[in-house]
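What follows is a short report on a single structure.
What follows is calculated from the coordinates using simple rules that are stated; it is not laboratory data. Note that the coordinates shown come from a computational prediction; the quantities given were computed from them, not determined experimentally. For neighbour counting, all protein chains shown are included, and Cβ atoms are generated from backbone atoms with ideal geometry for every residue, glycine included.
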Amino acid sequence: MVSSDGNSAAGKTDTSGVAVMEMTGSNTKKGAVPGEYGVGVRKWEIKEIPNPSEDAPDATSSVREDKLPKKYGSTEASGFKLTVGTIAVKETFDIPE
């Protein structure tokens, strides 16, 4: 997520879909600076594909496939907004199937 002031934070969801944000860039700490944020959401599936070579005939490579429409990954195009204050915020973003 990116704020109108240029601050950014990111998080990875757990198995229940909850993410804890951490500041990104040179100021890495848990949480986010208070402000208005645009939020992007991505869901990746990692697939292993065969990538044999002469030295490693059973080798594989990992390929990341985005499982959501591209617009949801953009903090500008997703339409998701979040206001962060001085206390913890919990927000749910519904993504149509």
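Tabulated data for the structure shown
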{"item": "In nm, spacing of pseudo-spin labels at ASN51 and VAL89 (7 Å Cα→C-beta vector)", "result": "3.8"}
{"item": "Stretch gain in nm, segment LYS67-LYS30, where the contour uses 0.36 nm per residue and the Cα spacing is subtracted", "result": "10.6 nm"}
{"item": "Tally of Lys pairs whose C-alpha atoms are under 13 Å apart, taken over the chain, 8 or more apart or cross-chain", "result": "7"}
{"item": "Positive-pole candidate from ALA10, THR92, ILE46, dipole of the chain, charges at beta carbon", "result": "THR92"}
{"item": "Point-charge dipole on Cβ atoms (K/R +1, D/E -1) for the chain, about Cα centre, debye to 20", "result": "420"}
{"item": "Positive minus negative residues near ARG42 (Lys, Arg vs Asp, Glu; Cβ under 12 Å)", "result": "+3"}
{"item": "Amide H contacts of LEU68 (H built 1.01 Å from N, under 5 Å, at least 5 apart or other chain)", "result": "LYS43"}
